[in-house]
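Have a look at the structure below before the remarks.
Coordinate-derived values only; no laboratory data. Keep in mind the model is a prediction, meaning the values are calculated, not measured. Please note: Cβ atoms are built from the backbone with ideal geometry, for glycine as well, and neighbour counts cover all protein chains shown.
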Amino acid sequence: MAMATCTQLSSSSSLFHPQITKKPFLLPSPATISVHGFSTLRPKSLSLSHRSSVSASAASSSVDVTEQKKSTRTLPFRVGHGFDLHRLEPGYPLIIGGIDIPHDRGCEAHSDGDVLLHCVVDAILGALGLPDIGQIFPDSDPKWKGAASSVFIKEAVRLMDEAGYEIGNLDATLILQRPKISPHKETIRSNLSKLLGADPSVVNLKAKTHEKVDSLGENRSIAAHTVILLMKK
């Protein structure tokens with residue numbers, strides 16, 4: 001009985017719908033495609049070289065737009081960090097923030113070795129997205145030999161003004177074992193404020209020892225960190 005039913009279904013059923021023929025399906029002409037009664041042009045296949053050209057053109061446009069936005073974008077404020085370290089050796093003056101500090105050794109450097117002014121310059125340049133002090137004032141250039149670091153500060157301030165920014169506030173930390181900076185701190189801070197053209201209230205200076213650890217703690221080097229906030233004028 002089951003076999004008969006299966007046979008009957010087999011003879012009366014078809015794998016094809018009555019309206020579907022077994023003829024092979026032919027694609028329309030490459031020139032046109034008919035969709036719901038409307039004829040539309042079939043897009044021509046792009047050659048490999050043409051596709052590469054289009055892709056390269058799109059990528060180029062994307063890069064141009066990105067670079068344009070990057071070059072014209074103005075931020076309401078910018079933050080920069082500077083760091084510098086110099087070896088201390090006998091026979092050199094110790095100049096910090098443009099002030100000559102009495103000590104039995106000073107910074108061995110191409111310029112005057114003012115570790116504080118150097119790191120302040122780097123902080124300003126960093127906030128502006130510019131190269132570091134070593135690229136703008138390379139120690140391979142003889143004209144900077146023994147130069148006062150106030151020259152570097154003035155150039156950094158000029159670049160800051162040119163970009164339309166002013167100092168919001170600055171926080172600097174000196175790291176050295178000797179000499180004690182506290183007797184000279186206000187003189188250094190006052191001179192730094194003057195060089196920057198900033199109100200002394202927005203310039204802060206701290207000093208720390210290195211607990212007699214490594215070259216800093218053994219009075220063989222001096223370092224400084226600076227963080228600066230630039231505000232749009």
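For K180 and K194, calculate 0.36 nm times their separation in residues minus their Cα-Cα distance, and state this gained length in nm to one decimal.
On the way: separation 14, 0.36 × 14 = 5.04 nm, distance 2.28 nm.
Roughly 2.8 nm would be gained on extension.
Mind listing the long-range amide H neighbours of N169? Cut-off is under 5 Å, sequence gap 5 or more, other chains count too, H placed in the peptide plane at 1.01 Å from N.
L229
Among the listed pairs K180/K208; K143/K194; K154/K206, give every one whose C-alpha distance is greater than 20 Å. Display every interim value, and only then the final one.
Details: K180/K208 9 Å; K143/K194 25 Å; K154/K206 23 Å.
As for pairs spanning more than 20 Å Cα to Cα, those are K143/K194; K154/K206.
Quick one: 3J(HN,Hα) in Hz for segment 221-233, Karplus 6.51/-1.76/1.60 with θ = phi - 60°, rounded, Gly and Pro as x.
Taking θ as phi minus 60°, the curve returns 7, 9, 9, 8, 10, 9, 10, 10, 10, 9, 10, 5, 5 Hz for segment 221-233.
Can you give me the pair-distance distribution of segment 82-232, C-alpha pairs, 5 Å bins, whole percents?
2, 10, 20, 24, 20, 14, 7, 2, 0
Can you compute the charge dipole magnitude of segment 82-232 about its Cα centre, using +1 on each Lys and Arg Cβ and -1 on each Asp and Glu Cβ, nothing else charged? Give it in debye, rounded to the nearest 20.
It works out to roughly 360 debye.
For segment 108-114, in order, what is each residue's ³J(HN,Hα) by Karplus, 6.51 cos²θ - 1.76 cosθ + 1.60 with θ = phi - 60°, in whole Hz (x at glycine and Pro)?
8, 7, 6, 8, 7, x, 6
Please give the peptides 200-210, 137-147 ranked by average Cβ packing (other Cβ atoms within 10 Å per residue), highest first, as a rough proxy for protection. Walk me through the intermediate numbers first.
Working: 200-210: 15.9, 137-147: 11.5.
Listed from highest to lowest mean packing, they are 200-210, 137-147.
Would you calculate the separation in nanometres between label points at E166 and E89, each defined as 7 Å from the Cα along the Cα-to-beta-carbon direction?
4.3 nm
Relative contact order, percent, of segment 80-233 when contacts are C-alpha pairs under 8 Å separated by at least 6 residues? Provide the component values of the computation, followed by the final result.
Values: 332 pairs, mean separation 49.3, N = 154.
Once normalised by length, the contact order is 32 percent.
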